[in-house]
Amino acid sequence: MAQTHDRKSLSLAGSSMMRLQPRPVAGQGMAAQPVLCQDSATDPLSDVLRMVKLTGAVFHLVDASFPWGVDIPRARDYASIILPRAQHVISYHIILKGSGWVEIPDVASTWFEAGDILVLAHGDQYSLLSTPGQAPEYDRKATIAFFREWMAGKLPFVTREGGGGGGGAEYMCGFLGCDMRPFNPVLSALPRLLRVGWSRNDQQDLLGRLIDLTLTDARLPRLGDESIRLRLSELIFVEVIRLCLESLPVHEMGWLSGLRDPAIGRVLTILHESPAHPWTLNLLAEQAGMSRAAMTARFTHLIGYPPMQYLALWRMQIAARLLADSTMKVAAVGQEIGYRSESAFSRAFKKIVGVSPAGWRSRTTDFSG
């Protein structure tokens, strides 16, 4: 594994790791980011997170003393334990005190410190360590055993690890489930490791208040605590994504950058607001206030798909959710996303998803049962 031990050099290839600085504090003379959805009731980020069925799972606090280390296996190796009905598991860690290193196979070791949030969105195996390259105290087998005990209710909210020395770390761990198929634009926009800087100096520090609420709840045990903490886990993750959105470099590409772009953000908003509308490139360009060629080029550059392909993918994500969660007939689902005939919808769904609407419904019903 390639390792980088220079704490001042924290950026890796964009496809593997991204570090985002804390958002500017109001009044510091920084230009405001474009405000999305000012004239629309539709919020594309909330729309996607709702449609991909974001669900909280294990959520706990680790108090680690030096030396400490834990190896987390691939998400597919423990997903059946903590979120058996989820297609995909995302993990994230909020560093409250101290510092350490995160290591992912084939990615350089990356230092983190208090105020950092680490998001591992793609199910990689990774390690959290007090010293880079060290053997973890808890290997992958021990971590899976930990998850089993946690889900059986045998462990407290706060777990203590390490050798008892000074210079440790304190961090919160969250694991969430979501849909990965047919289309999750938030997931596809995130690198293998996202490191977001977070500061309590911001007067609008919603993340800090959510964390404080979680810690307060953990110290005052009451009935329903687990349910409260899982919902807080989801809220914290959404706020992390919003911090990511607000902190992206100007020239960064991806769905979140497209959402922030005034013109392309407007196109995304109307596509999510009215996915069944018979949109054309000319209509979308008019909404964006750009020429058809310019809008198509900018949309494709930022989002990674041409506008009409994005619309087709998003329609199928809506259809997949309706097929899984409702008793609507296949024809009615197709009409809901703009298809006039069941046959046309079925052909399009199978082309994009790989199975027929009935096959998808059968799979999800068997899986959730």
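List of remarks:
- Filter result (closer than 12 Å to I236 by Cβ and more than 18 Å from the chain's Cα centre (by Cα)) within region 205-219: G208, R209, D212, L213, T214, L215
- Of everything listed in (1) touching a Lys or Arg at 6+ places or on another chain (Cβ under 7 Å); (2) at pLDDT below 95, the single unmet condition for A285 is (2).
- Residue count for region 163-187, restricted to those that are of a type in the set (D, E) and either open to solvent by less than 10 Å² (accessible area, probe 1.4 Å) or under 18 Å from the mean Cα position of the chain (by Cα) (or both): 1
- The number of residues in region 97-121 being out of contact with any Gly (no Cβ under 7 Å at 6 or more places or on another chain) and open to solvent by 40 Å² or more (accessible area, probe 1.4 Å) comes to 4.
- Residue match in region 318-335 (condition: in contact with a helix residue (DSSP H, G or I) (Cβ under 7 Å, 6 or more places away or on another chain), open to solvent by 60 Å² or more (accessible area, probe 1.4 Å) and part of a loop (DSSP other than H, G, I, E, B)): no
- Residues within region 201-219 that are in contact (Cβ under 8 Å) with a residue 24 or more places away in the chain and open to solvent by 10 Å² or more (accessible area, probe 1.4 Å), tallied: 8
- Test: residue in region 253-261 that is out of contact with any Lys or Arg (no Cβ under 9 Å at 6 or more places or on another chain) and free of Cβ contacts under 8 Å to residues at least 24 places away in the same chain: no
- When L259 is tested against (1) crowded, with 21+ Cβ neighbours inside 10 Å; (2) among the hydrophobic types (A, V, I, L, M, F, W, C); (3) under 24 Å from I104 (Cβ atoms), just one condition goes unmet, and that condition is (3).
- Test: residue in region 358-366 that is at pLDDT 95 or above, among the acidic types (D, E), open to solvent by 20 Å² or more (accessible area, probe 1.4 Å) and in a helix (DSSP H, G or I): no
- For beta carbons closer than 8 Å, sequence separation of 6+ or different chains, a first residue in region 130-152 that is under 18 Å from P67 (Cβ atoms) and at pLDDT below 90 and a second that is of a type in the set (D, E) and surrounded by 14 or more Cβ atoms within 10 Å (Cβ to Cβ), the qualifying pairs are G133/E103.
- Hey, L190 of a type in the set (A, V, I, L, M), modelled with pLDDT of 90 or more, under 30 Å from I352 (Cβ atoms) and crowded, with 19+ Cβ neighbours inside 10 Å or not: no
- Output for region 334-357, where each listed residue is over 22 Å from A86 (Cβ atoms) and of a type in the set (V, I, T): I337
- Test: residue in region 229-241 that is open to solvent by less than 40 Å² (accessible area, probe 1.4 Å) and more than 17 Å from the chain's Cα centre (by Cα): yes
- When K350 is tested against the conditions (1) farther than 23 Å from S46 by Cβ; (2) open to solvent by 60 Å² or more (accessible area, probe 1.4 Å); (3) under 29 Å from the mean Cα position of the chain (by Cα); (4) at pLDDT below 95, the lone failure is (4).
The values are calculated or read from the model by the stated rules, or taken from the named source; none is laboratory data. Everything numeric in this text was worked out from a predicted model, so none of it was measured. Neighbour counts are summed over all protein chains in view; Cβ atoms, including those assigned to glycine, are modelled from backbone coordinates with ideal geometry. These area figures cover heavy atoms from the full protein model, side chains too; ligands, DNA and RNA do not enter into them. Shrake-Rupley method; radii C 1.70, N 1.55, O 1.52, S 1.80 Å.
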